[in-house]
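Here is the structure we will look at.
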Amino acid sequence: MAEELLLENDGKHGTQLTKPLLAVAFLASFGSSMLYGYNLAVVNSPAEYIKDFYNETLTKSYNWIPDERLLTVLYSLTVSIFAIGGMTGALLVGKLVTKYGRKGTLVRATVLVFIGGALMGFSRSCRMPAMVILGRFITGVHSGICLSVVPMYLGEIAPKSLRGFLGLVPSIHICLGVFIAQVLGLHELLGKEEHWPLLLSLIVFPTMIQLMLLPWFPESPRYLLIEKGNINATIAALKWYRPKGNIQAEVDEMQEEQRSLSSVQTISVLGLLRDRCVRWQVITIVVLNIGMQLSGIDAIWFYTNDIFRDAGIPDLNIQYTTVGTGAIEVIAGMLGCFTIERVGRRPLIIGGFLFMGICCAGITLSVLFQAEVGFMRYISVGCVVGIIAGFCIGPAGVPFLITAELFKQSHRPAAYTVAGVLNWMSNFTIGFVFPFLEMTMGPYCYLIFCTICLGVALYAIFIIPETKNKTFLEISQMFATKNNILEEELTSNGHLKMAMMNGYGTLGLHS
């Protein structure tokens, strides 16, 4: 809350988007969030080459001829093991950001990319399929860490009026990573059989740039002061990010929050789940993070080529259609980023999930009737594009942003751990189950995604409040009635009882 109170009293300067803020947002996202998007889509183009590599290696090296079902299982494992690594990384977030800080964690995590990239890059020459799977797992650990730490870092350095914009910069980079993977996967570029190990290992180059530049940027000022008590480093960081801001006023407010939290340690995941003061906040991040992955978007990203082939698109045109959808992702992500501070968080969540649900139903109908009606194949492609656009405008980034806004300093690491684990667990489920779900149910499988999308949209309509330009305390009070703690929090003279909130509140309010 200290940050919000300061910015309200700080005039114009504290809310301006400065070059250092913009630079660190793009740099942190470029070497982290973009790799997540790239790794989601990069296995799509060389899918048949990877299966052939597994088949050839198992046959020649182990005298074992695998059938088509086993190859599908191995490829599904290659796709979904990335999510297992992500879930592992998400479990480490709380301890890492507390020990090394937000920026420090991002810098140290880069070593995982170099290891994973090397394993995948040399897997073919070593004739070891396990190196591909292990490399995917390790890069998944990196993405699991960074997918939570980047929005946490940006949320803590951003002014209240810019939290939405900076919070969706990683989302743009996720879409950009998907697009780059699709472009490089074209047959004219790296989409040939001999190039797929290089395609998988290119992730080391953005990470190298991030490793060279990010250490020169300051750590989160709130982490430096509230958790480390380093006033000099805090002032230096604030001067870097807000060259024209009222530094003294912001330091004073952060020190007040520090005093209010002096007896409150960073809460554990178990403590978060037991704390009834944040019960509905926890339920909200559970619904949003499971919903965003079970909405069908990962099935679209992982198996775009197969979906277009089933829709009747000629094989020669599929790769170009896929690249076109990637370009739409980037445009949709930018649209969400530049409109979130105008329209708010709720409209992007509700509109995004509703539109995705309608498009999922559209895919089912178009595939069922494309034999009778020729133009239905184009309806199917349009629905795929609609799902991607609807996702990138809102559901792709808002859940990570709103996780930072619903929780305060002491609860935030645990909240990101819970959100990350659920997100990646759902990612793994879709990546592994979807091929078999599609074989069993055919186009009807998209009706499951439709139901989930509509359910999340209804939850957002009735439960999630608008958090745009709201302080952390105001957001807490909006959830107070649902958490059944309003009567205990507020006394008759308007003072806020922090003790009753188990340290969740920060600054006491006086009427």
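The table below lists the values:
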read-out: Point-to-point label distance, Tyr444-Tyr378, nm (Cα→Cβ direction, 7 Å offset); value: 3.0 nm
read-out: Shape category assigned to segment 27-93 from the gyration tensor of Cα positions, a/c cut at 1.5; value: prolate
read-out: Magnitude of the charge dipole, segment 1-150, Cβ model with Lys/Arg +1 and Asp/Glu -1, debye to 20; value: 460 debye
read-out: Cα gyration tensor, segment 68-140 - rounded (a/c under 1.5), prolate or oblate; value: oblate
read-out: For a label point 7 Å along the Cα-to-beta-carbon line of Met212, residues of segment 104-120 with backbone N under 12 Å; value: none
read-out: Whole-Å distance, taken between Cα centres, linking segment 414-480 and segment 336-395; value: 16 Å
read-out: Net length gained if the chain between Thr451 and Ile115 were fully extended (0.36 nm per residue, minus Cα distance); value: 117.0 nm
read-out: Pair Gln248, Phe436: separation of 7 Å Cα→Cβ label points (nm); value: 6.7 nm
read-out: Segment Asp67-Leu22, extension gain: residue separation times 0.36 nm, minus the distance between their alpha carbons; value: 11.1 nm
read-out: Inter-probe distance in nm under a simple model that places probes 7 Å from Cα toward Cβ, at Lys239 and Phe205; value: 3.8 nm
read-out: Length released on extending from Met128 to Glu188, taking residue separation times 0.36 nm less the Cα-Cα span; value: 18.9 nm
read-out: Among 212-219, 350-357, 35-42, the order from most to least packed when residues are scored by Cβ within 10 Å on average; value: 35-42, 350-357, 212-219
read-out: Qualifying chymotrypsin sites (Phe, Trp or Tyr not before Pro) in segment 83-173, DSSP loop, other Cβ atoms within 10 Å at most 15; value: Phe122
read-out: Between segment 84-145 and segment 183-223, the Cα center-to-center distance that results, in Å; value: 13 Å
read-out: Förster radius 22 Å - calculated FRET efficiency between Arg279 and Glu466 (Cβ-Cβ, nearest 0.05); value: 0.65
read-out: Probe 1.4 Å, all protein chains present, accessible-area order of Arg274, Arg124, largest first; value: Arg274, Arg124
read-out: Global form of segment 124-204, assessed from the alpha-carbon gyration tensor, a/c cut-off 1.5; value: oblate
read-out: Sites Asn317 and Val343, calculated FRET efficiency, Cβ-Cβ separation with R0 56 Å, nearest 0.05; value: 0.95
read-out: Unsatisfied cross-links (Cα-Cα over 29 Å) in the set Lys103/Lys160; Lys228/Lys482; Lys239/Lys482; Lys51/Lys103; Lys19/Lys482; value: Lys228/Lys482; Lys239/Lys482; Lys51/Lys103; Lys19/Lys482
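The values are calculated or read from the model by the stated rules, or taken from the named source; none is laboratory data. It should be emphasised that the depicted structure is a prediction, and the values quoted were computed from it without experimental measurement. Cβ sites come from the backbone with ideal geometry, for glycine too, and all protein chains shown count toward neighbours. Remember, those area values only see protein heavy atoms, side chains included, never the ligands or the DNA or RNA. Shrake-Rupley method; radii C 1.70, N 1.55, O 1.52, S 1.80 Å.
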